[in-house]
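Everything on this sheet refers to the single structure shown next.
The values are calculated or read from the model by the stated rules, or taken from the named source; none is laboratory data. Computed from a predicted model, the values in this text were never measured in an experiment. All Cβ positions, glycine included, derive from the backbone under ideal geometry; neighbour counts span all protein chains shown.
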Amino acid sequence: MRRRDFVRRLPVVTAGLAAGSTTILTGCSGAPYVVPTVGPASLSFTSTALGPDGDAFLQSPGMDRPVYVRRLTSGELVAVLAACTHRGCQPEPAADRLLCPCHGSEFTFTGDVLNGPADEPLLRYEVEESGGEIRIRLPGDAP
Ligand code: FES
């Protein structure tokens, strides 16, 4: 494992706490890391796992990058793959946007590019919420 990958996963390893079938962890940005239930072409977790800003990173073993989920001020839930379209670094929430720490690209929470060098939006997923469960629909293979 490369040092960068180890450091990236360190908060996940050291800050775990179990809540039902969903593991909740804390990342550097303050958004919790949640291990979702993986279903056929979907990820699901309980809505109570969203952090105080209404967001969470979903990451389970085998995923190169997490899925970032956020409840917008309108109440709409959005989900994007947290992989910058410039060179693949993980954008982090910063105030009203996602900021890539590598070269400074900025994205809206819905994945649209605000500032480059990235020139393509983040991959966006459909989100459903029912009975306290949030489900991310994945097209084909898991991220
Ligand atoms: Fe995100 Fe370069 S990898 S700006």
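Among the residues of region 46-70, how many are in contact with a Gly (Cβ under 8 Å, 6 or more places away or on another chain) and buried (at least 18 other Cβ atoms within 10 Å of the Cβ)?
5
Could you identify the single residue in PRO101, PRO91 that is surrounded by fewer than 21 Cβ atoms within 10 Å (Cβ to Cβ) and within 10 Å of the ligand (Cβ to nearest atom)?
Just one listed residue meets the conditions, PRO101.
Quick one: what pairs do we get from region 68-91, first residue closer than 14 Å to PHE109 by Cβ and assigned to a loop (DSSP other than H, G, I, E, B), second within 16 Å of the ligand (Cβ to nearest atom) and among the charged types (D, E, K, R), C-beta under 6 Å, 6+ apart or different chains?
Pairs that qualify, where the first residue is closer than 14 Å to PHE109 by Cβ and assigned to a loop (DSSP other than H, G, I, E, B) and the partner is within 16 Å of the ligand (Cβ to nearest atom) and among the charged types (D, E, K, R), are ALA82/ARG65.
Conditions first: (1) surrounded by fewer than 16 Cβ atoms within 10 Å (Cβ to Cβ); (2) within 14 Å of the ligand (Cβ to nearest atom). THR73 passes all but one, so which condition is the exception?
(2)
With (1) closer than 20 Å to TYR33 by Cα; (2) within 16 Å of the ligand (Cβ to nearest atom) as the list, and HIS86 as the residue in question, which single condition is left unmet?
(1)
Out of curiosity, is LEU122 surrounded by 14 or more Cβ atoms within 10 Å (Cβ to Cβ) and within 13 Å of the ligand (Cβ to nearest atom)? Break it down stepwise before answering.
Values: surrounded by 14 or more Cβ atoms within 10 Å (Cβ to Cβ): yes; within 13 Å of the ligand (Cβ to nearest atom): yes.
Yes, satisfied.
Say whether the condition of being on the phi > 0 side of the Ramachandran plot, touching a strand residue (DSSP E or B) at 6+ places or on another chain (Cβ under 7 Å) and not β-branched (Val, Ile, Thr) is met by at least one residue in region 107-127.
yes
Do the conditions hold for ALA118, that is, is it at pLDDT below 95 and over 13 Å from the mean Cα position of the chain (by Cα)? Give the derivation first.
Numbers: at pLDDT below 95: no; over 13 Å from the mean Cα position of the chain (by Cα): yes.
Taking the combined requirement at face value, the residue does not satisfy it.
Among the listed residues PRO11, PRO52, PRO101, which satisfies the condition of being assigned to a loop (DSSP other than H, G, I, E, B) and modelled with pLDDT under 95?
Result of the check over PRO11, PRO52, PRO101: PRO52.
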